[in-house]
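Participant: Take a look at the following structure, please.
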Amino acid sequence: MKKLLVPLAVILLLALAVPAAFAEAELGIGLTPGQIAGNTDPNADPLLNFHIGWSWNILYFSWDAYAMPDYWTYSNTTYVDPNYGDIIPGYLVPSFLNMFDVGVKIVLRPFIGYAEVGPNFLYLRGGQSYGKVGVNVRLGAGVKFGWWGINLSGTQVFASWYDLRAAFKQAGYGDWSYITQGMTPTLNFTLYF
Amino acid sequence: MKTRKLLPLIILAVAAVLALSSCDALLDGIFPSNQISVDVAVNTTSGHHTDFLTGGYVSLQLTGPGVSSSASAYYGSWDGLYAHYYFTFTDLRDGGYNLSATYVGSLSSGTSAFITMPVEDPSNPDSTGKSVSILMTIN
C-alpha cells in the first residue's frame, strides 16, 4: 500500500500544476473483436461500446458501456451455488457491461495516453442490474487532432479489487503479465469538446 | 462565457441521460438475434401430388415487430404424405409474429400461424432459433 502513495502523490501534484485549460469532455464509440464474447465464428460481428469521458488537468473519468450478446451474459451470470453445488443458470439476454473508471490521461500533441481503474456493473435488458462482475484496468494510447481522435485501448477485467491489488503487486515486482496478458483490445473513435 | 465553459458538461449530461433512458432500445437494436425456421407441409386430398414437383411453390409472409417480409420456396422434401417447403427468417426482435403461407400451383390454398420469440433454450447458448411447422391441405 505504501508503494502506491508515491505515485498517487505525483499524480496529484501534476494535476494541481497543469493549467485548467486542459479540461475537456469526450463522447465516442469503440469496436472490440466479436470473438471476445465467446463467439468462435471468425466472421463474428465486432462488439460496440459507447464512451463518455471527462478530464480535468490529467485526472480522467470515464464511463464505457459495452453491448454484450445474450450468450456472453448467460455465461457470466451462471454460477455454482457455493452452499449446495448446484449450477444456477444465468440470464440469456443482451446486456450492457458498464465500466466506471478513474485514472490519468496525458496529452502530448498529437499523442494521448491514459490509464484507469474502476468497478464494473452489468445492466440486463429488461431493466435489471447485476453485480459480481468485478473491476477493470484499462490502458490506452492514440492520437488526437483537435476535436477528434483515435486510440487503441486494452482492458483487463478482474473478479475483485483483491485480485486487482494482487496483479498490481506483481507489477511492482516487474511482472506486468497479470495486467497486460489477455487484455481485450478496443479501437475507439472519440470526439472532444 | 460561462455557458461556453459549461457546454461540455451539458453535452455529457444530455448524452448520459439519453443513454440511460434508452438502454433496452439500444440493446434491441444491436442484438435482434432471434430466428424462425419454418416448415410448411402441404398435402392434397385430390391426388395432385405431381403438382408439388412441377412448379408449385409456397409463399410465406412474416409480419411482426419491425419486420414485414416474404419468401418463396419450391419443394424441399416428401415424406409420403406431405411435401415440405423450408424457410428461415433471421435477425428478429422479441415479440409475436404472424406467418401466412400460401401454396401457389395448379391448385391454391392458404393457412396461417402465430409464434412468439424469444428463445426458450438457455442451455444451448448458440441456439437462437425457433422452429415451427405449418400444415396445409389443398383440395
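The values are calculated or read from the model by the stated rules, or taken from the named source; none is laboratory data. Since this is a predicted model, take the numbers as computed values, not measurements. Note: ideal-geometry Cβ built from the backbone for every residue, glycine included; neighbour counts use all protein chains shown. Remember, those area values only see protein heavy atoms, side chains included, never the ligands or the DNA or RNA. Shrake-Rupley method; radii C 1.70, N 1.55, O 1.52, S 1.80 Å.
Participant: Which condition breaks for A:Tyr71 when tested against (1) touching a Gly at 6+ places or on another chain (Cβ under 9 Å); (2) under 30 Å from A:Trp147 (Cα atoms)?
Facilitator: Answer for A:Tyr71: the failing condition is (2).
Participant: Which fully enclosed strands (runs of 3 or more DSSP E) of segment A:46-118 have 2 or more residues being basic (Lys, Arg) and within 14 Å of chain B (Cβ to nearest Cβ)?
Facilitator: none
Participant: Here's something else I'd like to know. Report every pair of residues separated by at least 6 positions or lying on different chains whose Cβ atoms are under 6 Å apart, first residue within segment A:136-154 and of a type in the set (Val, Ile, Thr), second open to solvent by less than 10 Å² (accessible area, probe 1.4 Å).
Facilitator: Sorted first by the residue in segment A:136-154, then by its partner, the pairs are A:Val137/A:Ile179; A:Val143/A:Gly149.
Participant: Looking only at residues that are within 10 Å of chain B (Cβ to nearest Cβ) and buried (at least 17 other Cβ atoms within 10 Å of the Cβ) in segment A:119-146, which one is farthest from the chain's Cα centre (by Cα)?
Facilitator: That would be A:Arg125.
Participant: I've got another one for you. Residues of segment A:96-118 being open to solvent by less than 20 Å² (accessible area, probe 1.4 Å), more than 17 Å from A:Thr184 (Cβ to Cβ) and of a type in the set (A, V, I, L, M, F, W, C), which ones?
Facilitator: Residue satisfying the conditions is A:Ile112 alone.
Participant: How do the strands (runs of 3 or more DSSP E) wholly within segment B:65-139 filter down when requiring 2 or more residues that are modelled with pLDDT under 75, within 14 Å of another protein chain (Cβ to nearest Cβ) and crowded, with 17+ Cβ neighbours inside 10 Å: which remain?
Facilitator: B:129-138
Participant: Tell me, which residue of segment A:152-162 that is open to solvent by 10 Å² or more (accessible area, probe 1.4 Å) and of a type outside the set (Gly, Ala, Ser) is nearest to A:Tyr192 (Cα to Cα)?
Facilitator: My answer is A:Leu152.
Participant: Sort out which residues of segment A:165-179 are modelled with pLDDT of 85 or more and outside any loop (DSSP other than H, G, I, E, B), and write them in order of number.
Facilitator: Listed by number, the residues that qualify are A:Arg165, A:Ala166, A:Ala167, A:Phe168, A:Lys169, A:Gln170, A:Ala171, A:Gly172.
Participant: Give me the residue from segment A:175-193 that is farther than 17 Å from A:Ala67 by Cα and open to solvent by 60 Å² or more (accessible area, probe 1.4 Å) and, out of that set, farthest from the other protein chains (Cβ to nearest Cβ).
Facilitator: A:Trp176
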